[in-house]
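Only one structure is covered here, and it is reproduced in the block below.
The values are calculated or read from the model by the stated rules, or taken from the named source; none is laboratory data. Just so it is clear, the structure is predicted and the values come from calculations on it, not from any experiment. A quick note on method: Cβ atoms are made from the backbone with ideal geometry, for glycine too, and the neighbour counts reach across all protein chains shown.
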Amino acid sequence: MTALYGIKYHRARKSKELFIPSGISPTQNETHAMQSRIQRLVTPIILVFSVVACSGVQTTDSANQNSRVSIVVIHHTTANFGDSLHILTQPSRYPVSSHYLIPEPGDQTYGKSALKTYQLVDESRRAWHAGTSYWAGKSGLNDQSIGIELVNRARCHASERGVNPSTGGPDRLCFYPDFADGQIALLTELLDDILERHPDVRPTHIIGHSDIAPDRKTDPGPRFPWQRLAALGYGAWYDDETVIYYWERFREQPLPLINKQKALAAYGYKIEPTGENDEQTRNVVRAFQHHFRPWEVTREMSRETTATLFALLDKYYPEQLDELLQVAEPLEPEAPIDIEQADDVLGPPVAETETTQ
């Protein structure tokens, strides 16, 4: 059951009723406006059917077609449910929207005991959620994606005195709350429906906002349970044994940074292979680590991060491996490490170099 433009849909009974989100008291004019909106939505459909019936148009489905949707983008809101619903549905100077909004439990602006998924934009229409974006050779992803917002009040504090040496901007301390189990249950149910309607969405195309816009976005953040979703069949994840294989290989045969940049591009990220550890590279690496190595958010392409990336390519894009592993001038192998003093690099380290909570 989802809510669309103030209408609550009951699939079993195929009935509908006006639905006012908790905390909003409609005036008579507002109720009339919503009724008028429903009439405007329904009337063109009736007219279309009337025209088709009168014109004698014959419909024959072609086999040469597919869904316009090939990507699902997951976001977090940073605002509570009430503010998020207002921002995503009302006109503003900088209008934004998403196809779906999932509340979080305990939010006083939601005001209901049971969580429900809200549909704000029909999947056949463009929601304005991706902005300037890129994934796997495609830009302007609003045209070909479904956007899902989860209420999650992550926040960052920008220091008025400290400067981040890598960016030159204010030093920031960020806090990322966990996502509630109830939210993830609704999300998996929704993803199951979406994949049934849009089978062209590949595992590697269920991604976060930070993946498609790493220079300006960090949502849904390092606490989003990508591994858990992948285990349920939604999205991509690597195999541990393959990570170990590449981790050992790259100890003896290190890759230059330009190969790593090309590998990130092969997986889908927008990155220029400059061979330099520049800001675009650090931003993309942060997005990749948020998604696949949230315990190692260093913005540096470590051997562990590189092994994880190649394990994903090995699983989903094996045809690209040979070219990506070619090295013009072999690098010196890493010096042997003292096993007794070494950290378990395949597990969560003691601390992260990015200041996140």
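Would you check if there is a residue in the range 190-207 being polar (S, T, N, Q), over 22 Å from Met301 (Cβ atoms) and buried (at least 18 other Cβ atoms within 10 Å of the Cβ)? Within the range 190-207, not a single residue is polar (S, T, N, Q), over 22 Å from Met301 (Cβ atoms) and buried (at least 18 other Cβ atoms within 10 Å of the Cβ).
Can you confirm whether the range 294-304 contains a residue that is assigned to a helix (DSSP H, G or I), outside the structural domain of Thr218 (by TED's automatic domain parsing) and at pLDDT 95 or above?
yes
Sub-9 Å Cβ pairs linking a first residue in the range 171-190 that is in a loop (DSSP other than H, G, I, E, B) to a second residue that is modelled with pLDDT of 95 or more and of a type in the set (D, E, K, R), at least 6 apart or interchain, are Tyr176/Arg223; Pro177/Glu104; Pro177/Arg223; Asp178/Arg223; Phe179/Glu104; Phe179/Arg223; Ala180/Glu104, ordered by first then second residue. Scanning the range 96-126 for residues that are without any contact (Cβ under 8 Å) to a residue 40 or more places away in the chain and assigned to a strand (DSSP E or B) yields nothing. Scanning the range 265-283 for residues that are in a loop (DSSP other than H, G, I, E, B) and either of a type in the set (Lys, Arg) or more than 16 Å from Tyr317 (Cβ to Cβ) (or both) yields Lys270, Glu272, Pro273, Thr274, Gly275, Glu276, Asn277, Asp278. The test for being surrounded by fewer than 16 Cβ atoms within 10 Å (Cβ to Cβ), part of a loop (DSSP other than H, G, I, E, B), in the same structural domain as Phe81 (by TED's automatic domain parsing) and of a type in the set (Lys, Arg) holds for Arg216. Before we move on, is Ala231 out of contact with any Leu (no Cβ under 7 Å at 6 or more places or on another chain) and under 24 Å from His76 (Cα atoms)? Considered against the rule, which asks whether it is out of contact with any Leu (no Cβ under 7 Å at 6 or more places or on another chain) and under 24 Å from His76 (Cα atoms), Ala231 comes out as yes.
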